[in-house]
1. Given the conditions (1) closer than 19 Å to G22 by Cβ; (2) modelled with pLDDT of 80 or more; (3) not in a helix (DSSP H, G or I); (4) not β-branched (V, I, T), which single one is not true for Y102?
2. Please specify each residue of segment 54-99 satisfying the condition of being among the β-branched types (V, I, T) and part of a loop (DSSP other than H, G, I, E, B).
3. Scan segment 46-61 residue by residue and report those that are at pLDDT 95 or above, closer than 23 Å to W111 by Cβ and aliphatic (A, V, I, L, M).
4. Which one of L99, L93, L115, L134 is surrounded by fewer than 18 Cβ atoms within 10 Å (Cβ to Cβ), of a type in the set (A, V, I, L, M) and within 11 Å of the chain's Cα centre (by Cα)?
5. Cβ-Cβ below 6 Å, separation at least six or inter-chain, first residue in segment 122-150 and among the charged types (D, E, K, R), second part of a helix (DSSP H, G or I) and surrounded by 15 or more Cβ atoms within 10 Å (Cβ to Cβ): which pairs?
Amino acid sequence: MTGTLQKESLTKSLVFLRILIGWHFLYEGVIKLFNPDWTAFGYLATAQGPFDWLFISLTNESIIGWVDTLNMITLIFVGITLILGMYEKLGALAGMVLLGMYYFAHPPFPWLEQLNVEGSYWFVNKNLIELAALWVLYQYPTGSYFGLGYLKHQKTNTAKTPQL
């Protein structure tokens, strides 16, 4: 009995975590979408670390518009999938890729001067922590417990139930 209660409590906690992270991604995407002055140019142009050449190359005038658009679309997609609990594994995976890119554009390594970041960290920052949380959500999807995945699951089970 205690094991069942602990599992249900863990599942509820993961649902709450999923919705909070989803809200964070959705908010960031919508804010960028409705701000005509927003661009990732400054963040990418000041990239540091082992992959700085890659991120700096994304500031090219011919592709920065695509980079900005893909960033916004991915943020919104991740947010919607996590909040609604539908295709959440795909959303978690997309979020991990995006956060990994944010992390490596400005890695919190002690030998680098921290530019365009919210503080000075040693190896671990909020992007890495949120990436780890998405990894947990990827492994333990909760949409079939609470979300549109649950409604889809219920509809499928109802359709399979034989009529008497």
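The values are calculated or read from the model by the stated rules, or taken from the named source; none is laboratory data. Being a predicted model, the structure only gives us computed values, none of them experimental. FYI the Cβ positions are ideal-geometry reconstructions off the backbone, even for glycines, and counts take in every protein chain you see.
1. With (1) closer than 19 Å to G22 by Cβ; (2) modelled with pLDDT of 80 or more; (3) not in a helix (DSSP H, G or I); (4) not β-branched (V, I, T) applied to Y102, the lone miss is (3).
2. If the condition is that a residue be among the β-branched types (V, I, T) and part of a loop (DSSP other than H, G, I, E, B), then T59, I63 are the ones that fit.
3. Those that are at pLDDT 95 or above, closer than 23 Å to W111 by Cβ and aliphatic (A, V, I, L, M): L54, I56.
4. Only one candidate qualifies: L93.
5. E130/L99
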